[in-house]
1. Which is without any contact (Cβ under 8 Å) to a residue 40 or more places away in the chain and more than 16 Å from the ligand (Cβ to nearest atom), of VAL185, VAL260?
2. Working only within the range 178-211, note down all residues that are among the aromatic types (Phe, Trp, Tyr) and under 14 Å from VAL321 (Cα atoms).
3. For the range 21-49, how many residues are small (Gly, Ala, Ser) and closer than 14 Å to PHE271 by Cβ?
4. Within the range 114-222, considering only helices (runs of 4 or more DSSP H) that don't extend past its boundaries, which have at least 1 residues that are buried (at least 16 other Cβ atoms within 10 Å of the Cβ) and touching a His at 6+ places or on another chain (Cβ under 9 Å)?
5. Can you pull out every residue in the range 16-54 that is without any contact (Cβ under 8 Å) to a residue 24 or more places away in the chain, of a type in the set (Asp, Glu) and either in a helix (DSSP H, G or I) or within 16 Å of the ligand (Cβ to nearest atom) (or both)?
6. Taking PHE239, is it touching a Lys or Arg at 6+ places or on another chain (Cβ under 7 Å) and buried (at least 22 other Cβ atoms within 10 Å of the Cβ)?
Amino acid sequence: MRQSAAEDISFYDNHPEPADFYSEVIEGLGRKRKIIPPKFFYDAEGSRLFDAICGLPEYYPTRTEMQILRDNAADIAGHVGEDCLLVEPGSGSSHKVRLLLDSIRPSAYMPMDISKDHLIGAAQRVSAEYPWLDVHATCADFTEPLDLPYEPPQGHTVAFFPGSSIGNFEPERAVEFLANIAAMVGKQGGLLIGVDLVMDHEILNAAYNDSQGVTAAFNRNLLVRINRELGADFDVDSFDHHAFYNAQESRVEMHLVSEVDQVVCVNSHRFEFAGNETIHTENSYKYSIEAFQTCAREAGFSPINVWTDAQNLFSVHYLEVGK
Ligand code: AVJ
């Protein structure tokens, strides 16, 4: 192996339990109202399609959040403070954190992801690009409580959770997740988190029903993946993408709608679909600033500051543990 500065990272393996795709699909399709959890969208093709979604004209969250981070990097850094350990649960390619590193100047960065190979590659690239930064990659499932494998010598810990990924949790689960983060960052800890706002329904509906059909392909790819990996016989073209804003629940729902009465086999399991019956594949909750701050308080955080864009599409909150 080549030795270079890029490989100069620390690595911790928490040996996360891989999700059981087969059991969760069988269980979800066996329900009265069929569901498949959104975490299964992200195989290689699903990840590629999600990246494409982030660049779509209708999908405002990614570019809006990035602009908020760029425009307010110095102010954010002022709140976060110097020399923190910056932990990023679900860091993926560590793309957005690059907008903040030069301003925040953490003493160490801890990308955390369940996908070990992707994590190590991304951590090495950050390390090469920011030679002054100590990088501690941690392979872990961020939805589980976790004690940090590395504590910063002089200071506090701040978590970074961008992308409105919090929106995939049911609100009660979101509070639990935030409480886990509060426990993880500890007494002097903070959390910088991106949260999609409640807004005009037309903007929301367009963001999940793009004109190029990328979101539809992303949704249907779940069935392609089930066919390939679990030996199922979904007729993928007979399921329609359906996404809409449910104002009552304050969430965008995505479904796959069976066009006809049909039977689908997954291995030895048979599942009957009536025409128009749906598989619920995703919830993406939207929060007003106040509603999110209420969740944050319930989880043991105090809201410190919030940044938004001029159109009030997206919010970035800074929270600190305690009263
Ligand atoms: C990654 C969960 C934030 O809910 O907007 C994008 C996923 N689904 N288009 C979102 C998604 C359809 C995205 N999150």
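The values are calculated or read from the model by the stated rules, or taken from the named source; none is laboratory data. Note that this is a predicted model, so its numbers are computed, not measured. Here Cβ is always computed from backbone atoms with ideal geometry, including for glycine, and neighbour counts include all displayed protein chains.
1. None of the other options fit; the residue is VAL260.
2. none
3. Residues meeting the conditions: 2.
4. Fully inside the range 114-222 and qualifying: 116-129, 171-185.
5. Matches in the range 16-54: GLU24, GLU27, ASP51.
6. yes
Condition check ((1) modelled with pLDDT under 95; (2) among the aliphatic types (A, V, I, L, M); (3) within 21 Å of the chain's Cα centre (by Cα); (4) under 23 Å from ALA44 (Cα atoms)) across all residues:
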| residue | (1), (2), (3), (4) |
| --- | --- |
| PRO61 | no, no, yes, yes |
| ILE68 | no, yes, yes, no |
| GLU82 | yes, no, no, no |
| SER94 | no, no, yes, yes |
| VAL97 | no, yes, yes, yes |
| LEU100 | no, yes, yes, no |
| SER103 | no, no, no, no |
| MET110 | no, yes, yes, no |
